[in-house]
Structures are given as C-alpha cells and as structure tokens.
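Below is one structure, written out as structure tokens, with a few remarks after it.
What follows draws every value from the coordinates through simple rules; no lab data is involved. Worth saying up front: this structure is predicted, and the values here are computed from it rather than measured. Because the Cβ atoms are built from the backbone with ideal geometry, glycine has one as well, and the counts that use them run over all protein chains shown.
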Ligand code: GLC
C-alpha cells in the first residue's frame, strides 16, 4: 500500500516502468529471492487485492510494471521442493538437481555465490541437491521440460493479470553443463564456467520467448553475471527473439581485487570508462544496453563513485548525467534520486544480507581477513547499504514506517530525504527530474552513437553522442578538485547550447574550467 501511496511521486520523477523486487510469498532467507509460492503475495507486503489496485494505479498513470522473475531456484519451502525431497520416486524429484555423493562427499567441487559448497546433503534420501545461492534456494532443473512448462504457465499468470514484463533473476545461469564437471581453480566461485551462459541457455530463452513473451507486449531484462558483449548480443540481438536487455556486471568490477568483491579498493576511472565504452560501442545498432550504477545488490553509487561528504550533491548529480546520457535504458534505484548514501554497520549482527553474513564467517574464521577489515569492506560494498528504508522525510524511520523496519534507517535521513528536496529547486531530486526529461526531449540521447574522448584521463569522463549532424558533448569531472579540459573545437565554433549542468551556468570556451564533480552537457544541431 506504500507503493500505491507513492505512485504520483514516481510519475513526477519521470518513471516509465517500475521494476519491483520480488513480492511473492517467501521465508525471506534472501530478501524475497527465495520464493515459496509464485502466485501469492508475501504477507508483509499485502494481498493480491492490494497488488491489483497497485497495478491499476500504475497503468492509470501510464506507467508499466516489471515483475522480478526468480526461476533459477525456488525456496526449499516451495511445494515442489517439499515434494521433491520427500522421496526419490516422487514425481517432483526431477524438478531439482539431485546427485549421489561422490566418495562420501559432494558430487563436485562447485561453490555457492553465498560461500561454502553449492551442494546440500539430504539425510532422508541420501543424496545432495544443488544450490548456487543459499541452501534454502535449491536450483530448478531446467533440463526437465515439465519445469519449463510450469515456469511459462506462471509467467502467463502474471501477464494475464496485466503485468508488463519481467526482470529475470540470474537469467544466464539456468542451463548447467550435463555431467556437472568439476570446476577449475580452488578458491572463489568454483564451477561457474559450467553454468554461466550454459550450453542450452539460448535455446531455453528462445523457447520462453516463443511460448510466452512473443504473445504479449512486454519488456524484459535478464540479469546476466559474467556476460561479455558478445554474449549480450546473443541475448539482446534485435533478430534473436530472446530478451530486450541484460544487466552486465563488468563495470561493477572496477573496484574488485582480482575478482574479489571484499576489498576497499577505489574504483578505477580509466577502467570504468573502458568497460562502459566497450558496451556502448559493442551493442550499438545490434542490441540494447541497460544502464545502472545502483540496485538492491550494490552499494550506494554516491559513496562508491562520488563523494558522500563535501561534494555529496554535486557528485550525485554528476553521476546521474554521466550514466543517463549514454545509450540504453537507465535504471534508477530507490533513493538514488535523492542521493542516498551508504550505511554504517558497526558489527555483523546489524546486517541482514545473507551474502555478507556468510562471507564474514568464511573470511574471518580462517583468518584470511581480519574482522575489522571485513566490516570495512561490508560497509563499502555490502548489499545492505542499498536496503535500508527509503527516506521520505525527517520523521521517525524517515517516514517509511511506524513499525520496525527490517534494517535500521540510515542516520543521514534527517538531511537526505524527499520532503527536503521537494522544497529545494537545486536538489538532487529536481536534477534527476530534469535529466530524465532530457532523454525524452532529445532523441539523440536515445539513438545517438557513442564516442569516448580522452580514454586515459584518470579524473574526467568525457564522451560524445552523435546522430547525423547532431552532437552531444558530455563532460564529467570525477575529482574533488577543479580541472581544466580542452574540448573539441566545433562545440565552441558552433556555440553549443548547454542542456544541463550541476553548477550555475558558465560560458563555453576552448578550455572548460570545471569545478569539483562538475558535469555539463552541450548540444550542437550540426
Ligand atoms: C540476484 C538477485 C540477488 C539475489 C540472487 C539470488 O543476483 O539480484 O538479490 O540474492 O540473484 O536470487
């Protein structure tokens, strides 16, 4: 009902489509990504009637709703799994991936995204089941045609109610290599080469498209860990009949340490530009990008890529410009539009996220990472940073609830909240409204091709968008200090028009004098 209350707010922000995290029945081992009934709403969130009312409210405002489709796995409390684990000859046994022990141990050496082995032993039938995520998230067996039919029927159920498409959870992991061979390596995520973009994934998605998606007017985005541009062309290619977009993770790795997330390494801007640019040019004309710096699995972007202290406002706005002026569909994660910051978690007991809790245990128990270092990394990279209550106003719990929220409210709510920013014409919120409008007013933002300028500059991200004779110049200073930057002469010669900037307007000159975290967008008609 809280969402229903805020639909006008979303409409005014310029939102076209709402992607809602899972709201189905779930024991909440992984914040709703462990579903025990795909056709019911989680009690904490309301009823099916509430859901229908929300959907009606969304449609009457000319917006659309994307449901989160979580079908790589279910909850272990889902009826299918309860049946499946009850005996070896139960009709649901083959809905999941069961294997005999090998030499009295796990069937292979695969590890889980949430630490430890990807297998759980089940006393009752003396076999192991596969779980790429928590042991309460058993993987569905996509080789089984009946499972696929069940999934397609369930998708039709939600599309029949009127939902407008799906964000597909770990969509690149459905197909496992037959035989489930041992993975390479001995640390980190072992075995992924045998299920990321697995052998039948495109066949499955084309089947899903043929059976379900093609029969409705829908929008789809597949979450696709470890996917290259070449893979993304296969998923999103205009002639492929699979998905509209994928979420890539490559740009989320620019502050990892050799692939390890748990570090406090600062993001490398040159690398960030290289990765974005590769995707921008690689998909141009053949597929479609999704653009994000934030979601429920990532820390807050202003703390990660900007400055959540002195230049909080400037850097949050700069990041919005940098991302939204690229080619693709931009995603705004709740609270990003008011510059919500990372939380401070004092100890692991304050966290709720199973990934962080398990990683803390894994890395601190054998002394690989000291507990205080691990807490620092969790504060920097942990998913709970994104999951504290949305900050509506300066009242108790930031106006999110009069009850007890699942995580403490971020103390920054007294300053960072919607009510305060509604009042302030110069706020991050009002800036987001402008940035979002630009995409709608200037087709070049949607359709223009992309060209990176100064690839080696480690403080400035500058790029052009080009559509026929028309051009945009986007200049973003990622540093907390002033910078001079020489810009292509034609923007000065043709007296380019400033479309947006996060500082009071300044004149265009051959060399721009950029303020800390300044962003500007110039336009020439050609
Ligand atoms: C995806 C979701 C994440 C969840 C995981 C398992 O990565 O975005 O929140 O934990 O899949 O479903």
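Numerical summary
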read-out	value
Separation of alpha-carbon centers, region 103-128 and region 188-210, rounded to whole Å	21
Residues residue 466 and residue 153, FRET efficiency given R0 of 45 Å [Cβ-Cβ distance, rounded to 0.05]	0.50
Hydrodynamic radius of the chain per Kirkwood, over alpha carbon pairs, in Å	24.4
Backbone N under 15 Å from the residue 350 label point (7 Å along Cα→Cβ), restricted to region 367-405	372-389
Principal axes of region 423-498: Cα extent on each, largest first, Å	39, 34, 22
In range of the label at residue 274: residues from region 225-259 whose backbone nitrogen is under 16 Å from the point 7 Å along Cα→Cβ	229, 250-259
C-alpha long axis of helix 48-60 to longest principal axis of the chain, angle in °	30
Ascending count of other beta-carbon atoms within 10 Å, so fewest first, for 444, 378	444, 378
Mean Cα-pair separation over length for the chain, i.e. relative contact order, pairs under 8 Å, 6 or more apart, %	10
Three semi-axes of the equivalent ellipsoid, region 412-451, Cα gyration tensor, whole Å, largest first	29, 10, 6
Calculated log₁₀ intensity ratio I(q)/I(0) where the Debye formula runs over C-alpha points of region 377-475, q = 0.12, 0.13 Å⁻¹	-0.67, -0.75
Burial order of peptide ranges 470-478, 405-413 (average beta-carbon count within 10 Å, highest first)	470-478, 405-413
Simple spin-label estimate for residue 217 and residue 200 in nanometres, 7 Å along Cα-Cβ	3.4
Cα-based equivalent ellipsoid, region 1-159: semi-axes from gyration tensor eigenvalues, Å	36, 16, 13
Beta bridge orientation in the chain: antiparallel %, DSSP, nearest 5	70
Tilt relative to the chain, helix 371-381 - C-alpha long axis, 0 to 90 degrees, to 10	60
Contour excess over end-to-end distance, with Cα ends at residue 396 and residue 39 and 0.36 nm allotted per residue	125.1 nm
Cα-based equivalent ellipsoid of region 79-132: semi-axis lengths in Å, sorted from largest, via gyration tensor	20, 13, 8
Angle between the chain longest axis and helix 354-365 axis [Cα atoms, degrees, rounded to 10]	80
Two-decimal Rg/Rh across region 193-341, once Rg and the Kirkwood Rh are taken from alpha-carbon atoms	1.00
Ranked by how many other beta carbons lie within 10 Å on average, peptides 150-157, 137-144 from highest	137-144, 150-157
Highest-first arrangement of 172-178, 386-392, 517-523, where packing means the average Cβ count within 10 Å	517-523, 386-392, 172-178
Volume per residue that the Cα convex hull of region 471-526 spans, once the total is divided by residue count, Å³	65
Over region 274-420: Rg over Rh, Cα atoms, Kirkwood Rh	1.02
Long-range Cα-Cα pairs in region 238-299 (distance over 12 Å), rounded percent	72
Pairwise Cα inverse-distance average, inverted: Kirkwood Rh of region 1-59 (Å)	12.3
